[in-house]
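A short write-up of the structure that comes next.
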Amino acid sequence: MNGYTGKLLHVDLSNHKTWVEDLNLDFAREYIGGSGLAARYLDERIDHQTDPLGSENTLIFMTGPLVGTAMPSAGRYSVCALSPLTGIWGEANSGGFFGPELRFSGYDGIFITGKAEKPTWLSIVEGKVQLHDASGLIGCDTYETQRRVRQMLGDERTRVACIGVAGEKLVKTAAVINDHGRAAARTGMGAVMGAKNLKAIAVRGSAAVQLANAAMFRETVKQIAHRLNDDLAAQAMKLAGTAGYVNMGLMYGDMPIRYFQQGEWEPAENLSGVLMVEQYQNRNTACFRCPIACGRETRAPSYQLEKVDGPEYETVAALGSLLMIDNLETVIMANHLCNLYGMDTISVGCTIALACELSERGILSPADTDGMEIRYGDAETLLRLVEKTARREGFGDVLAEGSASLAERFGVPDLAATVKRLEVPMHDPRAFSGMAAIYALSPRGACHMQGDIYGVDTGQGLAPELGILPGERFDSSQEKGRLAALSQAWRSLYNALILCQFQNPGVDLVLQALNAATGWDYTVEELIPIGKRIVTQKRRINLRRGITRKDDSLPKILLQPLEGGTEGNVPNLEEMLTAAYQEFGWDAQSGIPLL
């Protein structure tokens with residue numbers, strides 16, 4: 001089957017059974033793969049009563065038709081289920097090598113249901129599926145788990161996706177970790193895995209992805225490589241990683257400071273990716289067939305760390321400027337702890353920052369926090385809180401529920417920097433107004449990967465053939481809302497293929513690669529409708545889970561004007577939403593899909 005293995009693995013942990021199902025080609029044609037295809041399948045398996053941490057919730061690992069091919073930066077996979085953090089559609093995706101290896105092992109995706117009677121891990125080697133006792137892995141961190149599983153299978157080239165202590169403890173911000181510290185981090189997919197008593201999945205295989213037109217595919221890959229040499233954003237990413245955005249983000253007021261309440265803070269420049277390269281970087285690291293290599297291997301001598309995965313921009317901001325911490329070594333250490341225990345750095349950083357704010361306002365006292373004084377800028381307390389959260393120890397048990405729960409617990413729900421209960425990432429919608437619509441309409445809650453208007457308005461990730469062009473960054477018009485919907489549809493297609501959003505070879509070459517792989521005959525005009533179909537499918541799941549028009553909103557803390565790079569701008573979300581709904585084909589008043 002061109003572009004697909006055509007096989008989906010089903011694992012029923014409750015009954016210790018596995019079986020194989022043929023891929024539904026109609027679904028694949030309409031939803032492509034990744035989180036799009038997972039949403040179509042999940043829709044049939046859940047309802048308004050499904051418990052995200054219950055055995056009936058289906059956990060889906062899904063690849064796409066370009067994953068594992070020679071297509072540059074197509075080394076990703078998606079993990080999808082109902083989210084225990086938000087109660088609605090949950091998805092996360094990760095790079096590295098696990099996604100391609102899953103395809104080489106013979107499958108496009110894995111569907112996991114039930115709950116194992118005892119801790120279990122799953123191996124898929126050359127198509128052969130086996131469930132193993134994971135009792136000896138309980139309590140192991142994610143790095144040790146990966147090492148031990150490879151050792152048990154006797155093959156160092158095995159790729160492992162696993163959970164750490166946070167996933168075992170059902171921390172609602174727990175991540176799935178693979179390939180050292182690569183993370184499918186958001187929406188608590190690690191907690192879903194932990195609730196199923198599934199510690200790890202190991203994949204290894206030698207099958208090749210069959211291509212409909214191998215010659216055309218090779219030529220497309222050549223053209224993409226050639227264009228990459230002229231892609232300044234990609235070249236900058238190669239030099240300084242995603243944290244290279246720090247200085248630009250500060251200039252625009254896009255990098256959040258002091259829990260989204262301060263517009264400028266000069267020490268934040270100490271978190272720059274350029275300084276990371278100069279002072280703490282060992283080498284670049286890359287995902288499967290990625291020519292950019294935006295990953296970092298770093299060191300932090302003050303914490304006796306000589307070789308660890310380096311923090312990305314989101315982590316640098318969430319565990320740095322958001323908490324008024326400007327020490328890169330501390331951020332490297334905090335990131336390392338999150339990787340060890342398996343947690344989402346964005347949600348963890350936001351939740352700890354909220355605790356700092358509650359303490360400063362006198363809402364939290366040491367009596368609530370195990371005797372700790374929680375303050376902005378306190379590196380030692382940050383590291384202690386990360387550990388306590390992962391282990392659900394003392395006040396960490398409260399933090400493990402996420403920001404929305406923390407704010408509600410202390411009677412100040414409006415202080416939660418969340419959308420649909422998911423913590424806001426590190427791009428401020430006051431700096432790029434279009435991000436307000438992206439956050440409000442993102443099906444998993446606040447998410448910068450569902451549409452990168454901050455990139456579009458600075459000249460990156462453009463798709464002029466699709467009408468995605470840069471505009472004035474403070475514009476909150478209906479036209480900006482329409483652009484946000486188009487951007488979200490385009491990135492939803494990216495998350496279905498699955499492609500890394502840091503590489504943007506152009507619509508023509510993405511289309512050419514998809515058709516060459518699958519043998520289908522998509523046109524440019526069909527691409528945005530596919531993306532809209534995916535967004536709408538996830539929307540339908542959320543509506544069934546109780547989401548309404550009022551949930552398409554921003555937290556009040558992001559609607560206060562700030563000095564600095566945002567120049568006092570506050571986005572007019574309502575104006576943009578009207579046009580975005582219409583662009584998606586939803587009712588302009590209710591946000592309900594019309595078809």
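Apart from one condition, GLY154 fits all of (1) at positive phi; (2) in contact (Cβ under 8 Å) with a residue 24 or more places away in the chain; (3) assigned by TED's automatic domain parsing to the domain that holds TYR77; the exception is (2). For segment 1-37, filtered to residues that are assigned to a helix (DSSP H, G or I) and touching a strand residue (DSSP E or B) at 6+ places or on another chain (Cβ under 8 Å), the residue that is farthest from ARG545 (Cα to Cα) is GLY34. Within segment 44-65, the set of residues being without any contact (Cβ under 8 Å) to a residue 12 or more places away in the chain and of a type outside the set (Asp, Glu) comprises GLN49 only. Restricting VAL456, VAL524 to those that are touching a residue at least 12 places away in the same chain (Cβ under 8 Å) and under 24 Å from the mean Cα position of the chain (by Cα) reduces the list to VAL456. The set of residues in segment 149-171 that are under 22 Å from ALA191 (Cβ atoms) and not in a strand (DSSP E or B) comprises VAL149, ILE163, GLY164, VAL165, ALA166, GLY167, GLU168, LYS169, LEU170, VAL171. Only residues that are touching a residue at least 24 places away in the same chain (Cβ under 8 Å), assigned to a helix (DSSP H, G or I) and not acidic (Asp, Glu) were counted in segment 346-383, giving 15. Going through (1) in contact with a Leu (Cβ under 8 Å, 6 or more places away or on another chain); (2) without any contact (Cβ under 8 Å) to a residue 12 or more places away in the chain; (3) not aromatic (Phe, Trp, Tyr) one by one, LEU499 falls short only on (2). Quick check on segment 457-471. Is at least one of its residues modelled with pLDDT of 95 or more, over 20 Å from GLY36 (Cβ atoms), assigned to a helix (DSSP H, G or I) and among the aliphatic types (A, V, I, L, M)? Within segment 457-471 (the criterion being modelled with pLDDT of 95 or more, over 20 Å from GLY36 (Cβ atoms), assigned to a helix (DSSP H, G or I) and among the aliphatic types (A, V, I, L, M)), the answer is no, since none of the residues qualifies. Of everything in segment 369-394 that is hydrophobic (A, V, I, L, M, F, W, C) and surrounded by fewer than 22 Cβ atoms within 10 Å (Cβ to Cβ), the residue that is nearest to GLY90 (Cα to Cα) is LEU383.
Note on segment 38-71: among residues that are touching a strand residue (DSSP E or B) at 6+ places or on another chain (Cβ under 8 Å) and β-branched (Val, Ile, Thr), the one that is farthest from ALA212 (Cα to Cα) is THR50.
The residues on offer are ALA489, ALA516, and the sole one that is touching a Lys or Arg at 6+ places or on another chain (Cβ under 7 Å), part of a helix (DSSP H, G or I), modelled with pLDDT of 95 or more and buried (at least 20 other Cβ atoms within 10 Å of the Cβ) is ALA489. Within segment 187-196, is there a residue that is touching a residue at least 24 places away in the same chain (Cβ under 8 Å), among the hydroxyl-bearing types (Ser, Thr, Tyr), part of a helix (DSSP H, G or I) and touching a strand residue (DSSP E or B) at 6+ places or on another chain (Cβ under 8 Å)? Yes, segment 187-196 contains a residue that is touching a residue at least 24 places away in the same chain (Cβ under 8 Å), among the hydroxyl-bearing types (Ser, Thr, Tyr), part of a helix (DSSP H, G or I) and touching a strand residue (DSSP E or B) at 6+ places or on another chain (Cβ under 8 Å). Annotation note: Cβ proximity below 7 Å between a residue of segment 572-591 that is closer than 20 Å to LEU559 by Cβ and a residue that is of a type in the set (Val, Ile, Thr) and part of a loop (DSSP other than H, G, I, E, B) (sequence gap 6+ or interchain) occurs for no pair. Could you go through segment 530-551 and let me know if any residue there is surrounded by fewer than 17 Cβ atoms within 10 Å (Cβ to Cβ), out of contact with any Asp or Glu (no Cβ under 8 Å at 6 or more places or on another chain) and assigned to a loop (DSSP other than H, G, I, E, B). Within segment 530-551, one or more residues are surrounded by fewer than 17 Cβ atoms within 10 Å (Cβ to Cβ), out of contact with any Asp or Glu (no Cβ under 8 Å at 6 or more places or on another chain) and assigned to a loop (DSSP other than H, G, I, E, B). Within this structure, ILE292 passes the test of being modelled with pLDDT under 95, at negative phi and buried (at least 22 other Cβ atoms within 10 Å of the Cβ).
The residue that is surrounded by the fewest Cβ atoms within 10 Å (Cβ to Cβ), among those in segment 148-180 that are in contact with a strand residue (DSSP E or B) (Cβ under 6 Å, 6 or more places away or on another chain) and among the polar types (S, T, N, Q), is THR158. Annotation: of all residues in segment 430-456 being small (Gly, Ala, Ser) and touching a Ser or Thr at 6+ places or on another chain (Cβ under 8 Å), the one that is modelled with the lowest pLDDT is GLY451.
The values are calculated or read from the model by the stated rules, or taken from the named source; none is laboratory data. Source: prediction; values computed, not measured. Quick reminder, even Gly has a Cβ in these numbers, built from the backbone with ideal geometry, and neighbours come from all protein chains shown.
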